Amino acid sequence: MTTIAPRRRRPIDRENSYGPIRVLVGVLIALIFSVPIYLVVVNVLKPSSAIFSNPAALPAPPTLENFISVLSRSDGLFWNGLINSTQITVLSVFATIILASNCAYYLARNTGRVTQVIVVLIVVGMMIPGASIIQPIIQILLSAGLIGTIPGLIIVNVAGAMPFAILVFMGFVRSIPIELEQAAAVDGAGPFRIFWQIVFPLMRPAVATVLIFTAVGVWNDFIMPLIVLGPGSGTTVTVGLYRSVSQYTSDYGAVFAFMVLATIPILLLFLFFQRYFVKGLIAGATKG
């Protein structure tokens, strides 16, 4: 009589058995994160009285009065915030990409001891909580006469975004064959021309990644614009949203409309650059 040994369960079968659980957990998490978005979408199309009576109900009938109320404010709070946020974000992203890409190129192509120390300092700088350096930032801006100015806020944004941007660019530069630069040098190209005409055009995925991360961070920042700009030097969309709410305000429909209008520009930016976004992150992760 022969005995049949029990079949060992293959690892792939075990992985497949967890598949439905993973899907269920994923759907549950997605539903939890979708609740705030659902509340914003349905309440932005309802008058404030309907919001108080049943916040989760669908708008019946939907109205655009909340958007009209925000866009036609007599103090121009949304439009001023939109203009300030746009110029602060554009200039901050542009300066970050230019400075960080050059710095990362130098660090990636030079592997000396000094370079390693600089990279370690950059990583350590990313671990310092932002709230702990607000007071030194204010003192520096006061000394330089930049407190309450948009250039001062842009400098703070660029300094805060530089460490992450340098690491992303470094990872991508290391994936570019150095033979391309050597061939260009043999043809007589200098370092400046090699970087801007050969290396930088190949860094488009990394540029898109840095652009999206920096733009989202600057656009959504609330603390720094509130502290650096102050009450007398304009406002951004996030600070404008804060100022549109007070203890005497009960127009939550307009507040929801302000939130939606403030989100649209940065959402369009992400959709436009998303095809490069993942590619830049993967390159930075595998080569960093």
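The values are calculated or read from the model by the stated rules, or taken from the named source; none is laboratory data. Please read all numbers here as calculations on a predicted model, not as lab measurements. All Cβ positions, glycine included, derive from the backbone under ideal geometry; neighbour counts span all protein chains shown. We work out accessible area using only protein heavy atoms, side chains counted, and drop any ligands, DNA or RNA first. Shrake-Rupley method; radii C 1.70, N 1.55, O 1.52, S 1.80 Å.
Taking 0.890 mPa s as the viscosity and 25 °C as the temperature, the Stokes-Einstein diffusion coefficient of region 156-229 based on its alpha-carbon Kirkwood radius rounds to 173 µm²/s. Inter-part distance, region 94-129 to region 149-228, computed on C-alpha centroids, equals 11 Å. Calculated mean residue ellipticity at 222 nm for the chain: -23000 deg cm²/dmol, from DSSP H runs with n ≥ 4 weighted as -39500 (n - 2.57), summed, divided by the residue count and rounded to 500.
Ranked by solvent-accessible area (1.4 Å probe, protein heavy atoms only, all chains present), the residues V119, V23 order from largest to smallest as V23, V119.
Rounded to a whole number, what is D in µm²/s for region 29-139 from Stokes-Einstein with the Kirkwood radius over alpha-carbon pairs (37 °C, 0.692 mPa s)? Roughly 169 µm²/s, to the nearest whole number.
Hydrophobic long helices, here whole DSSP H runs in the chain with Kyte-Doolittle means of at least 1.6 and Cα atoms spread over 27 Å or more along the helix axis, are found at 19-43, 150-173.
Using a probe radius of 1.4 angstrom, the carbon and sulfur fraction of the accessible surface of the chain is 70%. Each peptide in 196-209, 29-42, 56-69 gets a packing score, the mean of other Cβ atoms within 10 Å over its residues, and the list from highest to lowest is 196-209, 56-69, 29-42. Note on the chain: percent of Cα-Cα distances in each 10 Å bin, starting at 0 and stopping at the bin with the largest distance, equals 6, 20, 24, 22, 16, 8, 3, 1, 0, 0.
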